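Notes for the one structure printed next.
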Amino acid sequence: MMRKTVYQSCLVLVIALLWLFAHTSSAASAGLMAYATNEKSDDVSVMDTTTNTVIRTIPVGKRPRGVAISPDGEHAYISNGNSDSISVIETAAGKVVETWPAGVDPEGVALSSDGARLYAVNENGGTVTVINTKTGTVMATIEVQVEPESIVISPNGKIAYVSNETSSTISVIDTSALKVVATIPVAKNPRGIAFSPDGKYAYVASEQAEPGVLSVIEVARHRVIKRVPVGERPVGVVMTRDGRRLYVAHGRSNAVYVIDARTMTITKKIPVGQRAWYLAFTSDESRLYVACGRSDAVSVIDVATEKVIATVPVGKMPFAVAIPK
């Protein structure tokens, strides 16, 4: 009887350990995935960042562009411009589990720090749709200006910046009041935005300025304090957590420019694929994944060596990349 009891106890322990290992491995694996939206093939490519290979392709709505990952890494939110919707992907299952209405032509998306709100800019609607992620219902619709493209939340979560392409402005949204509190003129056709880690400055890439321009905004005063010439058709912008370097993807120069944030000078031009648009760091900032639309690929940059170490074939016309933090 004693042996049977010991055997049963050991069996329960083994099962519990196997369950824990499976779930821990699943969680660890989820953190190693990169998600690229492909606007011409209507799907999302899921890349293993360890092997730099596509492990899954997930069908979504029509013309997917924006992508955001929940803080816990359990969901990816995809904006479908031609379906007027958000596809909610359960990352562990690798499939769409919900579809939410998101206004006309949703493009750029951003999440509040707690993941409770999803903000989706409506390019043809001139608005931002705010969605409750627990219920999938629209909380508010905020009017901005003409042809909004991207939205980024400030580090303290109090404001959101929206780039308006045709208006050549930034709309500043108070995230508590859910209304526009300021409008900042910038260079022609703004697209990507990044905040400094302390939230004092914002950096905006203007695609159609000649030459391309990166505007530096003093956030407290809602004004541009510097314009930095860059390459042709700058789009995506990201900044390191230490605030020392900016990386700007260029659609026509087919390169990512590295900029010293202290001097605002270009220190390196890294050749990548064609039509480099939006980009994302891995959680440790050792690599940078760049969506290269006309190459149907994602270029992977080693940040330390400032060189492309892999080119990952994905779907047709990748637009943006997101990686769990």
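The values are calculated or read from the model by the stated rules, or taken from the named source; none is laboratory data. Keep in mind that this is a model prediction, so the values were computed, not measured. Ideal geometry is used to build each Cβ from the backbone, glycine not excepted, and the neighbour counts take in all protein chains shown.
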Region 145-177, residues that are in a loop (DSSP other than H, G, I, E, B) and either closer than 13 Å to Val121 by Cα or small (Gly, Ala, Ser) (or both)
Gln145, Val146, Glu147, Ser154, Gly157, Glu165, Ser167, Ser168, Ser176, Ala177
Could you give every pair whose Cβ atoms fall below 7 Å, whose first residue belongs to region 302-325 and is under 15 Å from Arg63 (Cβ atoms), and whose second residue is surrounded by fewer than 21 Cβ atoms within 10 Å (Cβ to Cβ) and of a type in the set (S, T, N, Q), counting only separations of at least 6 or pairs across chains?
Gly315/Ser41; Gly315/Thr57; Lys316/Ser41
Condition check: more than 20 Å from Arg294 (Cα to Cα), surrounded by 23 or more Cβ atoms within 10 Å (Cβ to Cβ) and either of a type in the set (Phe, Trp, Tyr) or in contact (Cβ under 8 Å) with a residue 24 or more places away in the chain (or both). Does Ile193 satisfy that?
yes
Go through region 196-216 and give me each residue that's without any contact (Cβ under 8 Å) to a residue 60 or more places away in the chain and either touching a Cys at 6+ places or on another chain (Cβ under 8 Å) or outside any strand (DSSP E or B) (or both).
Pro197, Asp198, Gly199, Lys200, Glu207, Gln208, Ala209, Glu210, Pro211, Gly212
Identify the residue in region 67-106 that is buried (at least 22 other Cβ atoms within 10 Å of the Cβ) and among the β-branched types (Val, Ile, Thr) and, among all such residues, is farthest from Asp48 (Cα to Cα).
Ile86
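Okay, residues lined up against (1) more than 21 Å from Ala110 (Cα to Cα); (2) in contact with an Asp or Glu (Cβ under 7 Å, 6 or more places away or on another chain); (3) small (Gly, Ala, Ser):
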site	(1), (2), (3)
Tyr278	no, no, no
Phe281	no, no, no
Ile301	yes, no, no
Ile309	yes, yes, no
Gly315	yes, yes, yes
Phe319	no, yes, no
Ala322	no, no, yes
Name the pairs whose Cβ atoms lie under 6 Å apart, with the first residue in region 30-44 and under 15 Å from Gly61 (Cβ atoms) and of a type in the set (Ser, Thr, Tyr), the second part of a loop (DSSP other than H, G, I, E, B) and modelled with pLDDT of 95 or more, and 6 or more positions between them or separate chains?
Ser41/Gly315; Ser41/Lys316
Filter region 233-256 for residues that are touching a strand residue (DSSP E or B) at 6+ places or on another chain (Cβ under 6 Å) and small (Gly, Ala, Ser); which is nearest to Asp296 (Cα to Cα)?
Gly251
Please work out if Ala110 is of a type outside the set (Phe, Trp, Tyr), in contact with a Leu (Cβ under 9 Å, 6 or more places away or on another chain), in contact (Cβ under 8 Å) with a residue 40 or more places away in the chain and under 30 Å from Asp302 (Cβ atoms).
yes
Quick one: count up the residues across region 15-44 that are in contact with a strand residue (DSSP E or B) (Cβ under 9 Å, 6 or more places away or on another chain), modelled with pLDDT under 95 and part of a loop (DSSP other than H, G, I, E, B).
1
Filter result for the condition that a residue is closer than 21 Å to Val186 by Cβ and among the charged types (D, E, K, R), over Arg262, Arg233:
Arg233
Of all residues in region 187-229 being among the β-branched types (Val, Ile, Thr) and within 19 Å of Ile259 (Cα to Cα), which is nearest to the chain's Cα centre (by Cα)?
Ile193
Residues being part of a loop (DSSP other than H, G, I, E, B), charged (D, E, K, R) and either under 25 Å from Gln145 (Cα atoms) or touching a strand residue (DSSP E or B) at 6+ places or on another chain (Cβ under 6 Å) (or both): count how many of those fall in region 107-129.
1
Output the strands (runs of 3 or more DSSP E) that fall wholly within region 45-106 and possess 1 or more residues being under 15 Å from Leu118 (Cα atoms) and not β-branched (Val, Ile, Thr), or say none.
64-69, 75-80, 85-90, 95-101
Pick out the one residue from Glu210, Glu218 that is surrounded by fewer than 22 Cβ atoms within 10 Å (Cβ to Cβ), under 27 Å from Thr183 (Cβ atoms) and modelled with pLDDT under 95.
Glu210
Among the residues in region 185-195, are any out of contact with any Ser or Thr (no Cβ under 8 Å at 6 or more places or on another chain) and not acidic (Asp, Glu)?
yes
